[in-house]
Amino acid sequence: MYLTAALLTILPLVSADTIANMFEWSHDDVAKECVSFLAPHGYKGVQVSPVNEVPVLNGRPWWERYQPFSYKLVSRSGDEAAFKRMVETCNGVGVRVYVDVVFNHMSADQPWGTTGTAGSRPDTHAKKYTEVPYGPNDFHPPCGISDWGNRWQVRNCELMGLHDLNQASEYVRGKIVEFLNHLIDIGVAGFRVDAAKHMEPTDLAVIYGRTNNLNTRWFPEGTRPYFFQEIMSNQDNDAIKPQEYTRIGGALDFKYGFELARAFSYGNDHNQLKWFYNFGEKWNLLPWKDSVVFIDNHDTQREGVFDRQVITYKQSRQYKMANGFMLAWPHERAVVMSSYSFNDKDQSPPAYPVPINQDGSCGGGWVCEHRWRQIYNMVAFANVVKGTGVNDWWTNGNDQVAFCRGDKGFIAINGESGDLDADLQTCLPPGNYCDVVSGQKQDGRCTGITINVRQGGMAKIRVAGNAEDGFLAIHAQLNMILTAALLTILPLVSADTIANMFEWSHDDVAKECVRFLAPHGYKGVQVSPVNEAPVLNGRPWWERYQPFSYKLVSRSGDEAAFKRMVETCNGVGVRVYVDVVFNHMSADQPWGTTGTAGSRPDTHAKKYPEVPYGPNDFHPPCGIQDWGNRWQTRNCELVGLHDLNQSSEYVRGKIVEFLNHLVDIGVAGFRVDAAKHMEPNDLAVIYGRTKNLNTRWFPEGSRPYFFQEILSNQDGDAIKPQEYTRIGGALDFKYGFELARAFSYGNDHNQLRWFYNFGEQWNLLPWRDSVVFIDNHDTQRDGVFGRQVITHKQSRQYKVNSMANGFMLAWPHERAVVMSSYSFNDKDQSPPAYPVPVNQDGSCGGGWVCEHRWRQIYNMVGFANVVKGTGVNDWWSNGKDQVAFCRGDKGFIAINGEPWDLDVDLQTCLPPGNYCDVVSGQKQDGRCTGITINVRQGGMAKIRVAGNAEDGFLAIHAQSKL
């Protein structure tokens, strides 16, 4: 097989992600900025200047950092220890680190005795770099680039006297790979490859292909580093073009910034904005998937390239507009430059630390464009609209334009001296929206311009010709109508999977986040109620659903253990969702019953002094006799549990206080137990009063996500989940019931052939409103509505449970929960002992079932991550219970629900090659431990799933290619 880095790369960035180029910042300053600004404002990556040893030159010009003396991690920005702290800190808040690496060359000749930042003194004239070590035989023979049209010269001669390494040498390749792997092991996500144009792509492919996978502490197992390469190019008539390199990684698209500079600089070579309706490949730009776009960088700021116009911070108004357009236009990855001011193009950076002024700007000569409101709010815009295209383009025929991004965002740009004043389609729901360019939404109000969107999406849009910024932008999360639903910024993204670690201890969950959940692509973990509950005889699982107080002391651990767990899981990108109980307190318990935190409430008198609640905080006592009676269901006691009155301001305050304490610790959201038994209007008030999420882990303004338990069959229920989806998500019980009917083969059997339109046409909740699941702790033990439920206890437990979960994870969804159980015979049975033992084969022991660790399930979590954003296509059925389908061009699954073989030629929608079936095995060291599927030219493959197969289905995807 042909091994290229491109085939190996799993991008750690997702669509519309933005990297801040923190040019010449110290490691300590970058670490602080990741926590205090980059993560809270939606930046997903940080690019740092070269980190290796370089010469200490007179005047300390910035370009000394591009003249390596060795690969020791000691630079002007700090030593290796500081670099490690920075990577640890930034990864901990979800900001990935990309290092600018220089391995085309070593330094030019330097005066004798010049010392490096790590103390070395190489003999540069003799090309002896003893700290690597490199000697004269490791370099190309000396020659200068005299003809930039000569491809051989450009790739083999010295760039401005910099000693040119021979990357075709096995020894040189080895030293470069050793350097890159050291950075990867520390935790970086990838590299900006300096001067890539001056190296052969085939040499780079070998180097990239030999690097390690990313560190599994921070990235899913098997994730590859992302390389984005500097190929200075105008792309129109260059001898060496970026397209020669995009088969092995990404490329910085210089022409992208040049064309936007022409649009906003208004020189003789002006690009009118009206022409930008098809900005992209038709302009001879690189395809989005291959490129990293930017307006300027440290080179173009100082030197320019190809005599092309460049916009920098020195033309601040035009610069904001150019960056605004870039961040509003569809892209895969964009880099925002963060500069320091200079008059001399060689000027060294200002002093550290970078001072931050009271208004959030930088001082001391640091420009910090990434902190300009007009830019960082457009980073958030890009995050909101990602996955959408451009629609409803409008222009006045010259330099005034506007467009929508799907139904998520709208931007209007005035590139003229006269006013833009027009009634335009914004594609947004009616309401008042805050323009993020002139201001931002704070405490439900706008600090800048407010745009009123009328019914049908139309709005009066005005951008004055002399406006400070020259553009405005609004998006779906800026509606000023204050409801919990409209305020919610989901911390989950499409196709994310949560593991429900039912009854696990906090310490065990923390370990599992690091060793298994994050490496296998789980994005969230749901934990059992964390507050004080009674200590009952036999310790039944349901004691946790009877609050004694809101103190964070439970069977799983105390508050300190809970905080450690949240810290650890957030640190590896696994978000914590707490199962919260505030419909009720406990039922009556025997006198003297002690809680897990030591309290002894008088439950008979409804006195819970540790909250405190008293009898007036509860609804008058009554039992639910008629489940068709909406008032009874919401105001009477559920199985004797004392029913709190959520319409009381005092009760609301205590619940909000409890939730806010969890939010401050760092949780991402909540599963709301028994939501069906509370009024949606009361819940909307409670949700709306919770704090924004902790900015240590989440972008500023992010809201907690509430997914609500509304036990429902949806067909004839008096209370339906749709009453609650305006204020949060809802668990879709019917989803699991229908899949149980498909895989249980009873009298009420659903044939798989019918599932081609599984979704709202089945009276399921819309994807955006629902959290789907096969079973949970309740349905495992009691079932619901007399409906069939599939659990780990089925006779063919691995096959049936895995097939149901496999279909769920292969089918498009927004959020899915995978149950992780313990075995039980008595439905009240308490959980096994802690810690949870993990066997040598990766399964759990001691009575813990751990379905989330079943290969057939966790590899389908990986499948869901790979195919997210795609739809279902190329559906096939044998007319009964054998089906197959593709997810776009990213994945394929075939399911055999019959006792005889599925054996047919099917369309997989994947490029030709050999693929590893992730159900029967997985890809390891370039080989498959299970079944290998050969996809032929055109996407067809022979697919066989035996009727007696252990699993009953197979699945392949773009990243399971061998």
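Positive end of the dipole of the stretch 653-782 (Cβ unit charges, origin at the Cα centre): among Val667, Pro680, Pro699, the Cα lying farthest that way belongs to Pro699. Summing +1 for each Lys or Arg and -1 for each Asp or Glu, what net charge is found among the other residues whose Cβ lies under 9 Å from the Cβ of Asp673? Local net charge: -1. Here Ser77 sits with roughly 10 square angstrom of accessible surface, probe radius 1.4 Å. Between 0 and 90 degrees, the angle of helix 855-867 with respect to the longest Cα principal axis of the chain falls at about 50 degrees. Amide H neighbours of Thr115 under 5 Å, at least 5 residues apart or on other chains, H built in the peptide plane: list them. The answer is Val56. Could you tell me how many degrees, from 0 to 90 and to the nearest 10, lie between the Cα long axis of helix 649-665 and the main elongation axis, the longest principal axis, of the Cα atoms of the chain? Approximately 40 degrees, to the nearest ten.
The 1.4 Å probe gives accessible areas that order Glu814, Glu53, Glu221, largest first, as Glu221, Glu814, Glu53. Each Cα pair under 8 Å and six or more residues apart adds its sequence gap; the mean of these over the residue count of the chain is a relative contact order of 8 percent. Between the listed residues Ile375, His125, Ala510, the Cα displaced farthest toward the positive end of the dipole of the chain, a dipole computed from Cβ unit charges relative to the Cα centre, is found at Ala510. The packing ranking, built from the mean of other Cβ atoms within 10 Å per residue, places the peptides 627-633, 530-536, 372-378, 637-643 in the order 372-378, 530-536, 637-643, 627-633, highest first. Sorting 145-154, 934-943, 80-89 by their mean Cβ neighbour count within 10 Å, with the most densely packed peptide first, gives 80-89, 934-943, 145-154. Accessible area of Trp366 (1.4 Å probe, protein heavy atoms only, ligands and nucleic acids ignored): about 10 Å². Search the structure for amide H atoms under 5 Å from the amide H of Asp419, placed 1.01 Å from N in the peptide plane, and list their residues when 5 or more places away or on another chain. So Asp419 has HN proximity to Gly465. Net charge within 10 Å of Trp218 by Cβ-Cβ distance, Lys/Arg positive one each and Asp/Glu negative one each, not counting Trp218 itself? Residues close to Trp218 contribute a combined charge of +1. Put simply, the amide H of Cys850, placed in the peptide plane, has neighbours under 5 Å in Ser821, leaving out anything fewer than 5 places away on its chain.
The residues neighbouring Asn166, those whose beta-carbon lies less than 13 Å from its own, together hold a net charge of -2 under the Lys/Arg +1, Asp/Glu -1 convention.
Under a model in which nothing but the beta-carbon of Lys, Arg (+1) and Asp, Glu (-1) is charged, the chain shows a dipole of about 400 debye around its Cα centre. Here the accessible area is traced with a 1.4 Å probe on the protein chains. For the chain, carbon and sulfur cover 49 percent of it. A 1.4 Å probe run over the chain, with the rest of the protein chains in place, finds 35 Å² accessible per residue. Over 31 Å apart at the Cα level, from the set Lys197/Lys961; Lys44/Lys923; Lys128/Lys961; Lys289/Lys523; Lys241/Lys320, are Lys128/Lys961. Between the helical axis of 316-328 and the longest alpha-carbon principal axis of the chain there is an angle of about 50 degrees. Calculated mean residue ellipticity at 222 nm for the chain: -6000 deg cm²/dmol, from DSSP H runs with n ≥ 4 weighted as -39500 (n - 2.57), summed, divided by the residue count and rounded to 500. Fully extending the segment from Ser146 to Ala168, taken as 0.36 nm per residue of separation minus the present Cα-Cα distance, adds 5.7 nm.
Within straight-line reach of Lys654, meaning a Cα separation under 29 Å, sit the following lysines at least 8 residues removed in sequence or on another chain: Lys441, Lys551, Lys563, Lys606, Lys607, Lys676, Lys691, Lys720. Its alpha carbons considered, the chain gives a radius of gyration followed by a Dmax of 29.6, 93 Å. Backbone phi angles across the stretch 337-342, fed through the Karplus curve with coefficients 6.51, -1.76 and 1.60 (θ = phi - 60°), yield HN-Hα couplings of 6, 10, 10, 10, 6, 8 Hz in residue order; Gly and Pro are listed as x.
Considering only Val817, Leu180, Gly653, and ranking their Cα positions along the charge dipole of the chain that arises from unit charges at the beta-carbon of Lys, Arg, Asp and Glu, the one farthest toward the positive end is Val817. Relative contact order, percent, of the stretch 84-217 when contacts are C-alpha pairs under 8 Å separated by at least 6 residues? Contact order relative to length: 30 percent.
Taking Cα centre as origin and charging only the Cβ of basic (Lys, Arg, +1) and acidic (Asp, Glu, -1) residues, the dipole magnitude of the stretch 546-615 rounds to 40 debye.
The values are calculated or read from the model by the stated rules, or taken from the named source; none is laboratory data. Note that this is a predicted model, so its numbers are computed, not measured. Because the Cβ atoms are built from the backbone with ideal geometry, glycine has one as well, and the counts that use them run over all protein chains shown. The area values use the complete protein model at the heavy-atom level, side chains included, leaving out ligands, DNA and RNA. Shrake-Rupley method; radii C 1.70, N 1.55, O 1.52, S 1.80 Å.
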